[in-house]
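**Student:** Structure incoming, see below.
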Amino acid sequence: MAEIVAAMAMTHSPGLTGWFDRAPKDYQEQALRAMGEMRERLARARPDLVVVFSNDHLLNWPINNTPEYTVGIAGEHVGPAEWYDEWLGLKEYRIPGHPALARYIVNEGARRRLAFSYLRQMQFDDGVSVPMHYLNPSGSIPLVPVTMNCTVPPIPTPERAYQVGTALREMLKAYPGHERIAILATGGLSHEPGGPRYFWVDEEFDLWFLDLLKKGDHQALLRECTLERMEEAGSGGTAELIAWVLALAFTKGPAEVLAYMPALAWRSGTGMVVWPHLA
Amino acid sequence: MGNVDRCDKTLPTNEMMFHVRRDAKLRARWLTDLEGIAREFGLSREEYEALRDKDVRRLHDIGVHQYYVPQILRLFYGAAANTNNHPALEAYKRAYPDEAARSLRLQEELEKRRG
């Protein structure tokens with residue numbers, strides 16, 4: 001049986017690579033320190049692969065058909081997608097996939113009545129590219145990307161994400177292999193990409209959300225942090241935190257918040273979190 | 001619900017943008033033949049004019065998905081160094097002066113707090 005060996009989460013804002021140096025020096029230092037810490041802990045967990053929960057920003061799926069969840073099943077993942085390299089300031093990178101486990105998620109999900117779409121060649125924008133740049137820079141840890149739709153209505157609720165996360169945890173632990181699996185969620189915190197509040201960061205919401213993670217009471221978080229509350233804190237962007245809720249289902253107890261920056265320059269509440277205890 | 005609920009999922013501009021971002025040939029025509037691309041994807045005159053005028057508020061009002069609006073602007077102005085002073089972001093400040101002013105005040109408050 002496979003084993004879950006790490007669970008962590010971080011913001012994936014394009015500013016973290018595309019215009020990193022425009023944020024205040026102390027934010028840059030905090031972010032680098034926190035991501036360095038995540039990279040070390042990830043290495044220490046000796047994962048055979050990392051399952052990354054992120055979201056599709058209308059890149060892989062057109063607006064007339066946006067599946068709730070999608071798995072990238074490629075043998076090798078190549079990013080960033082055409083036209084995004086300049087925006088992200090990133091060169092081409094290649095990371096091996098884990099097709100057997102990726103295809104298992106799709107098929108085992110179906111048996112459990114969960115619809116996972118899949119892509120033989122997934123394209124990558126900031127959602128996967130930014131965290132991989134910092135946490136898996138040499139591409140030595142194989143990647144299974146699982147994206148969700150949290151930008152095109154109807155946006156799934158956090159409760160739904162927790163339910164899917166719980167099913168994913170059971171499925172991955174039941175995977176017939178001895179893989180050591182790390183879980184990484186990317187997205188959030190408060191931001192409203194392309195909306196009227198494009199420049200806004202809701203620090204109060206972010207600190208409140210991180211505090212809920214620090215308390216580690218999952219039911220309380222799901223009760224209080226509704227989709228409506230996420231949307232109030234920045235529409236079409238803050239709900240990327242649904243990826244963190246998926247990861248939450250792999251953990252128990254309090255999260256450790258490594259850093260938080262209300263980084264207007266990166267146009268996103270920016271945070272890094274690790275869960276020391278796994279469910 | 002939030003601003004993202006204002007998008008019209010059936011608006012031709014929203015379909016067009018998916019393809020433009022993946023197709024270098026379409027992107028190469030963006031600055032010289034936007035009208036031709038708009039015709040090929042069945043955009044209304046109103047959609048075409050909002051695009052041509054880089055009119056952020058109108059693009060939102062007619063139901064362009066908010067995520068596509070900055071990408072539309074980057075097609076006009078370039079994607080590199082997309083900081084808050086990039087022309088695409090300046091277009092947002094013009095479209096939403098109240099929100100921009102509020103952000104500026106927050107920026108000042110954060111700077112003061114950090115010392």
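Read the figures in this text as sums done on the coordinates, not as results from a lab. Fair warning: this is a prediction, and the values are worked out from it, not measured in the lab. Note: ideal-geometry Cβ built from the backbone for every residue, glycine included; neighbour counts use all protein chains shown.
**Student:** Dividing the convex hull volume of the Cα atoms of region A:198-259 by its residue count, what figure in Å³ per residue is obtained? Present the calculation step by step, with values, prior to reporting the outcome.
**Tutor:** Details: hull volume 5.1 nm³, N = 62.
Here the figure is 83 Å³ per residue.
**Student:** Here is a further query. Just how far, in whole angstrom, is region A:263-279 from region A:63-93 if you go by their alpha carbon centroids?
**Tutor:** Comparing the Cα centres of region A:63-93 and region A:263-279, I get a distance of 21 Å.
**Student:** Further question: Remind me, relative contact order of chain A in percent, using alpha carbon pairs under 8 angstrom and six or more residues apart?
**Tutor:** 32
**Student:** Helix B:97-114 sits at what angle to the longest principal axis of chain B, using alpha carbons and giving 0 to 90 degrees rounded to 10?
**Tutor:** 40
**Student:** Using only C-alpha positions, report the orientation-averaged shadow area of the convex hull of chain B, nm², one decimal. All intermediate terms of the calculation are to be shown ahead of the outcome.
**Tutor:** On the way: hull surface 33.5 nm².
Mean orientational projected area (chain B, Cα hull): 8.4 nm².
**Student:** Next up: Compute for region A:128-279: radius of gyration divided by Kirkwood radius, i.e. Rg/Rh, restricted to C-alpha atoms, rounded to two decimals.
**Tutor:** 0.95
**Student:** Still on this model: Farthest toward the dipole's positive end in the protein assembly as shown, which of B:Gly115, A:Ala263, A:Ala31, given Cβ charges of +1 (Lys, Arg) and -1 (Asp, Glu) about the Cα centre?
**Tutor:** The listed residue farthest towards the positive side: A:Ala31.
**Student:** Right, another one. Say each of B:Glu49 and A:Lys252 gets a label point 7 Å from the Cα, pointing the same way as Cα to Cβ; how far apart are those two points in nm?
**Tutor:** According to this spin-label approximation, the distance is 6.3 nm.
**Student:** So who's got an amide H within less than 5 Å of the one on A:Met272, skipping anything under 5 residues away but keeping other chains? H placed 1.01 Å off N, in plane.
**Tutor:** Those lying under 5 Å, H to H, from A:Met272 are A:Leu258, A:Ala259.
**Student:** Same structure again: Just report the Cα centroid separation between region A:132-154 and region B:19-66, whole Å.
**Tutor:** So the separation of the two Cα centres works out to 29 Å.
**Student:** Which one of A:Leu32, A:Leu88, A:Leu16 has the biggest mean-square fluctuation once chain A is modelled by GNM with Cα springs under 10 Å?
**Tutor:** Top of the fluctuation ranking is A:Leu32.
**Student:** Continuing with this model, one more query. Kirkwood Rh and Cα-based Rg: tell me the resulting Rg over Rh for region A:4-156, rounded to two decimals. List each step's numbers first, then the result.
**Tutor:** On the way: Rg = 15.6 Å, Rh = 16.2 Å.
Expressed as Rg/Rh, it is 0.97.
**Student:** Roughly how far apart, in whole Å, are the Cα centres of region A:199-261 and region A:179-197?
**Tutor:** Value for the Cα centre distance between the two parts: 10 Å.
**Student:** Then there is this: What 222 nm value per residue comes from the helices of the protein assembly as shown, counting each DSSP H run with n ≥ 4 as -39,500 (n - 2.57) and dividing by all residues, nearest 500 deg cm²/dmol?
**Tutor:** -13000 deg cm²/dmol, from helical runs alone.
**Student:** Can you give the Rg and Dmax of the protein assembly as shown based on its C-alpha atoms, in angstrom?
**Tutor:** Computed over the Cα atoms of the protein assembly as shown, radius of gyration and Dmax are 20.0, 59 Å.
**Student:** Ok, one more. By counting other Cβ atoms within 10 Å of each Cβ, how are A:Glu29, A:Glu232 ranked from fewest to most?
**Tutor:** Placing the least packed residue first, the sequence is A:Glu29, A:Glu232.
**Student:** Also: Going by how many other beta carbons lie within 10 Å of each one, how would you line up B:Asp61, B:Asp55, A:Asp21, fewest first? Mind dumping the intermediate values first?
**Tutor:** Details: B:Asp61 12, B:Asp55 17, A:Asp21 9.
Result, fewest neighbours first: A:Asp21, B:Asp61, B:Asp55.
**Student:** While we're here: Ignoring solvent entirely, what values of log10 I(q)/I(0) come out of the Debye formula for region B:51-96 at 0.20, 0.24 Å⁻¹ when each Cα is a single scatterer?
**Tutor:** -0.57, -0.82
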